[in-house]
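Worksheet for the structure shown next.
The values are calculated or read from the model by the stated rules, or taken from the named source; none is laboratory data. What you see is a predicted model, and the numbers here were worked out from it, not measured in a lab. Here the Cβ is made from the backbone with ideal geometry for all residues, glycine too, and neighbour counts use every protein chain on show. Heavy atoms of the whole protein, side chains included, go into the accessibility calculation; ligands, DNA and RNA do not. Shrake-Rupley method; radii C 1.70, N 1.55, O 1.52, S 1.80 Å.
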Amino acid sequence: MANRFSKMMGKVWLIVFFAAAGAGLLFYLWQYGPFSPGAREARRAENFIKEWEDRYKNDTYGGATPEETLQLFITALKNGDTDLAAKYFLIDDQEKWREDLSKIKEKNLLEAMVKDLERLKKTRADEKEVFYTTTNEENIVSVQLIIRKTPYNDKWKIIEL
């Protein structure tokens, strides 16, 4: 009978051991494995970055040169197409610029804006970024426009105005 009891206790301990090992494994996977909150957050971040990069890769607005982007922007404004003009800005800034340009149009200031933009002179440039400025009578910068080449599709986008 003692032998039978020992065998039964051995089985109980074996079940307890495997249950504890299984629980430990599940805990480990939950905390540090592919199902952990950190891993889920990392996947969300990777997906966000991929979607963001894809948006830029698929963005067809902007010129092959900074001068072309500036000219496309000015032409859109001359035509009163503020939605198109906003697309020459970085994607993350387009909605803000769509609203701002729409307000400028409502106030009938697009023509004055175009005149200022047409007076811009290139003041600094490298292979990734170009600065254009206009100065007033006191030689103080009154308008500054910066255009940067995006690394995703080689389009030049307005990053600051």
Accessible surface, the range 28-117, averaged per residue in Å² (probe 1.4 Å)
64 Å²
Lys pairs, the range 101-161 - Cα-Cα below 22 angstrom, 8 or more residues apart or on other chains:
16
Report, please, the projected area of the range 35-101 averaged over directions, based on the convex hull of its C-alpha atoms, in nm².
5.7 nm²
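May I have the convex hull volume per residue, in Å³, for the Cα set of the range 55-161?
Working: hull volume 9.6 nm³, N = 107.
So the per-residue Cα hull volume is 90 Å³.
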Here the range 74-129 gives, from Cα atoms, an Rg and Dmax in Å of 12.3, 37
At 7 Å along the Cα-to-beta-carbon direction for both Ile159 and Phe18, put a label point, then send me their distance in nm to one decimal.
6.1 nm
So if each residue of separation counts as 0.36 nm, and I subtract the Cα-Cα distance between Arg119 and Arg43, what length gain in nm does that give?
22.6 nm
Using only the alpha-carbon atoms, how far is helix 2-32 inclined from the longest principal axis of the chain? Give it as 0 to 90 degrees, nearest 10.
0 degrees
Specify the angular offset, from 0 to 90 degrees and rounded to the nearest 10, of the alpha carbon long axis of helix 37-57 from the longest principal axis of the alpha carbons in the chain.
30 degrees
Using a 1.4 Å probe on the protein heavy atoms, what percent of the accessible area of the chain belongs to carbon and sulfur?
58 percent
If you put +1 on each Lys and Arg Cβ and -1 on each Asp and Glu Cβ, how big is the dipole of the range 94-161 around its Cα centre, in Debye rounded to 20?
200 debye
Using a Gaussian network model of the chain whose springs link C-alpha atoms within less than 10 Å, name the residue from Glu106, Glu53, Glu67 with the highest mean-square fluctuation.
Glu106
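Do any trypsin sites (Lys or Arg not before Pro) in the range 85-159 lie in a loop, going by DSSP, with at most 15 other beta-carbon atoms within 10 Å of their beta carbon, and if so which? Display every interim value, and only then the final one.
On the way: sites: Lys87, Lys96, Arg98, Lys103, Lys105, Lys107, Lys115, Arg119, Lys121, Lys122, Arg124, Lys128, Arg148, Lys149, Lys155, Lys157; in loops: Lys87, Lys107, Arg119, Lys128, Lys155.
Filter output for the range 85-159: Lys107, Arg119, Lys128.
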Note the angle between two axes, namely the Cα long axis of helix 94-106 and the longest principal axis of the Cα atoms of the chain, as a number of degrees from 0 to 90, rounded to the nearest 10.
30 degrees
